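Here's the structure, in structure tokens; my notes come after.
Where a number appears in this text, it was derived from the coordinates with a stated rule and is not lab data. Treat the numbers as computed from the prediction; the structure is a model and nothing was measured. Positions of Cβ are generated from backbone atoms using ideal geometry, with glycine treated the same way; all protein chains shown enter the neighbour counts.
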Amino acid sequence: MKLIKCIDLGIPGIERIFLECPYGTTILVKGEHGLGKTIMGIHFIERSLILGEEAIYINFFENQEEFLWKASGIGIDLRDYVGSKLHYFQESVYSEKSQLLYFVSVIQDTISARKIRRVVIDTIDALTAVLTEEEYRVFILQLIQRIKELGATLLIIKETGVGTQQYGYEEVMADIIIELMRKRRPHYETKYLMITKSRYSSYIPTPVEYTITASGIQVYPPYKYTQSYQGSISSERIPTGIPKLDEILDGGVPANSIVCIKGPTGTYKTLLALSIAAYNASRGKKIMYTSYKESYEQILHYLKILGYDYNGLKDNLLINSINPIYVSPASLYATLIRLLEEERYDMRIGDGVEASLKFMDEVERTFFPHSILSSIKAMGTTEIIVYNQDKEYYIDEYSLDYIADVVIATRINEKQGSIRKEITILKNRGNPIKDHKFHEIEFYEGKLIVK
């Protein structure tokens, strides 16, 4: 069996979207202005230089100094490579046709003579200013075939949008097409990339979020892309630390399960989740507790009310607070998965999930919670999500109950002018629910009590 040597594109996170990109591939990156196409080209070239390869960057709009300045803006210094490993060509789009063709022949000779491994053209649609459609078709065909014959990998950058001339032949010739897109929101703009073509391997056929940071492009792919679910609940029980609730749950929630705690405001959901976290941290379990609507200081205050000293728990209990208004869903997801991968927590608790869901559109409200919960289960971590639901307890308001293994619901029961807060088990996948009643829950002398 012939092994295919694959190329590292140098873009963090993109390797999880598709598996194989052999040397000699033609890659097309297309999108509107301001989406980071040139930055992707810089990452692509930098990886080649780090590996000791020689590379060519062809730019029809920016001179060498502008290009180097842009690279330094994302912490990439290419100056020491210029003239030795990095060959930068800049040609005006307003050149005569004969001059342009000669310019390309010089590039081809350079590729052959210097054993160039990577070439970037930024941007290919600039050629439509001097070439007719038929000339452009022949030119693209010959250029791509020649570079492929020489064994170099070609990355073509293409500007799309209003006012750009589109012939489209480069899309036919490309082996891989990466399409960049944006979605404007009230508080921020979300950027996505999508693999729309790949001749060499399977790929994730859905938009994947990325950001442009001080270090360049960061792609946030799903933890694992499979067409089947992974992970299973365990026979091990994780106790809640509340005797009656553990009795109802037959010893606690199953390890490696997804648990939903839902109910109206003021029914002790946060105290219940934090009590479970603190109790298990005190037993030596590693717990991550994330609040999406309350501050770190306030969570510490609740811990104190419950009778716990955080200084004695901090080795096993990580508490963080995230304001979801200005943070995109995928970056939330990526941060969470990275922390879980690095520290291997036994349990992760997300409190105030509805605050995060409110800033997602309809598709994201389904896709991201589902992806997060499925990924965490595949990692073997127990997940507890807590969210406010003012509708009746049996309604699946956020479409989370169906994926959950255990659903714990709270409610407020008004009888004869008094208010009673109650809790019950709606779902316990794989285990019979022995007690279907609502039980009173109250906070008394620093403890949650289920009667």
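If we count other beta carbons within 10 Å of each Cβ, what is the order of 260, 21, 6, fewest first?
6, 21, 260
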Anchor residue 158: lysines whose Cα lies under 16 Å away (excluding residues fewer than 8 positions away in-chain)
30, 37, 197
Taking a crude spin-label model, label points 7 Å out from Cα along the C-beta direction, the residue 390 to residue 418 distance in nm is 2.7 nm
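Answer rounded, prolate or oblate for the range 237-450, using the Cα gyration tensor with square roots of eigenvalues a ≥ b ≥ c: rounded when a/c is under 1.5, else prolate when a/b is larger than b/c, else oblate.
On the way: a/c = 1.36, a/b = 1.17, b/c = 1.16.
Rounded is the answer for the range 237-450, as its axis ratio a/c remains below 1.5.
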Exposure proxy check: 363, 138 ranked by fewest other beta carbons within 10 Å?
363, 138
Could you let me know the centre-to-centre spacing of the range 276-290 and the range 245-274, using Cα atoms, in angstrom?
14 Å
Relative to the Cα centre, what is the charge dipole magnitude of the chain, using +1 at the beta carbon of each Lys and Arg, -1 at the beta carbon of each Asp and Glu, and rounding to the nearest 20 debye?
1060 debye
Show which lysines lie in cross-link reach of residue 115 when reach means a straight Cα distance below 18 angstrom and same-chain residues fewer than eight apart are skipped.
5, 85, 148
I want to check the label-to-label distance for residue 6 and residue 50. Put each point 7 Å from Cα in the C-beta direction and report it in nm to one decimal.
1.7 nm
Nearest 0.05, what FRET efficiency do residue 232 and residue 33 give at R0 = 51 Å with Cβ-Cβ as r?
0.60
hull vol. (C-alpha, convex hull) per residue for the range 341-386, Å³ -> 73 Å³
Residue span residue 16 to residue 84: 0.36 nm per residue of separation minus Cα-Cα distance leaves a gain in nm of 21.3 nm
Provide, for the range 271-388, the number of lysine pairs with alpha carbons under 27 Å apart, each pair being eight or more places apart or on different chains.
14
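Averaged over all directions, how much area does the convex hull of the C-alpha atoms of the range 14-219 cover when projected, in nm²? Write down the numbers at each step before the final one.
Working: hull surface 46.0 nm².
Mean projected area for the range 14-219: 11.5 nm², to one decimal.
Between residue 189 and residue 305, what is 0.36 nm times their sequence separation minus the Cα-Cα distance? Round to one decimal in nm. Write out the running numbers ahead of the final one.
Numbers: separation 116, 0.36 × 116 = 41.76 nm, distance 3.99 nm.
My answer for the length gained is 37.8 nm.
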Of the trypsin sites (Lys or Arg not before Pro) in the range 1-81, those whose Cβ has at most 14 other Cβ within 10 Å and which sit in DSSP loop
2, 5
Just how far, in whole angstrom, is the range 1-74 from the range 140-157 if you go by their alpha carbon centroids?
14 Å
Taking every Cα atom in the chain, find the radius of gyration and the maximum pairwise distance Dmax, and write them in Å.
27.8, 93
Straight-line reach check, residue 244, cutoff 21 Å on alpha carbons, 8 or more apart in-chain or any other chain, hits among lysines -> 262, 269, 421, 427, 434, 437, 447, 451
Based on alpha-carbon centroids, what's the gap between the range 320-338 and the range 383-448 in Å, whole number please?
27 Å
What distance in nm separates the simple spin-label points at residue 214 and residue 149, each placed 7 Å from Cα in the Cβ direction?
4.8 nm
